[in-house]
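Student: Take this structure first; my questions come after.
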Amino acid sequence: MVMSYKAGPELGAIEVYTTENKGHPVEFWAERCVDKIIYVSADTPEQVQVQVKQFRDNIKKVIEEYMQNAIKSDRITLNNKLQELGFNEVAEIIRKN
């Protein structure tokens, strides 16, 4: 009888996405998020796949909206802190973007 045990973490698939001189947009992160939350097998009946796709699209829109709100909220906090420290010009740049 042979027994084996694999210890340690498993890595899984590694994906790399790059940009040039900027970060990834909200839509990119929402897509990655939905990919982790919702998956439908290719073996799934077509009717169910259509429903899952519609559900997935709706969830992605909700995630995008809340991510945009989080970004706005963080920028307000950063803007206020910069103004408080006397960096009004930098605060104005952040507020406009």
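The values are calculated or read from the model by the stated rules, or taken from the named source; none is laboratory data. Everything numeric in this text was worked out from a predicted model, so none of it was measured. Please note: Cβ atoms are built from the backbone with ideal geometry, for glycine as well, and neighbour counts cover all protein chains shown. The protein model used for the area step is the full one, side chains on, heavy atoms only, and it has no ligands, DNA or RNA in it. Shrake-Rupley method; radii C 1.70, N 1.55, O 1.52, S 1.80 Å.
Student: Can you give the accessible area per residue of the chain, in Å², using a 1.4 Å probe?
Tutor: 90
Student: Summing +1 for each Lys or Arg and -1 for each Asp or Glu, what net charge is found among the other residues whose Cβ lies under 14 Å from the Cβ of residue 38?
Tutor: For residues surrounding residue 38, the net value is +3.
Student: Taking the dipole about the Cα centre of the chain, with the C-beta of Lys and Arg at +1 and of Asp and Glu at -1, give me whichever of 16, 70, 91 is farthest to the positive side.
Tutor: Highest projection toward the positive end goes to 91.
Student: What's the ranking of 81-88, 21-28 by average number of surrounding C-beta atoms within 10 Å, highest first?
Tutor: Sorting 81-88, 21-28 by mean packing, highest first, produces 81-88, 21-28.
Student: Using R₀ = 35 Å, calculate the FRET efficiency as 1/(1 + (r/R₀)^6) where r is the Cβ-Cβ separation of residue 14 and residue 41; round to 0.05.
Tutor: 0.95
Student: Then there is this: Calculate, in nm to one decimal, what residue 93 and residue 66 gain on full extension: separation in residues at 0.36 nm each, minus their alpha carbon distance.
Tutor: 7.4 nm
Student: Treating only the Cβ of Lys, Arg, Asp and Glu as charged (+1, +1, -1, -1), what charge dipole size does the chain show about its Cα centre? Round to the nearest 20 debye.
Tutor: In debye, rounded to 20, the chain gives about 200.
Student: Report the Rg/Rh value for the chain, based on alpha-carbon coordinates and the Kirkwood definition of Rh.
Tutor: When Rh is taken as the Kirkwood radius, the ratio is 1.20.
Student: Would you work out what percent of the accessible area of the chain, with all protein chains in place, is carbon or sulfur (probe 1.4 Å)?
Tutor: In the chain, the share of accessible area belonging to carbon and sulfur is 55 percent.
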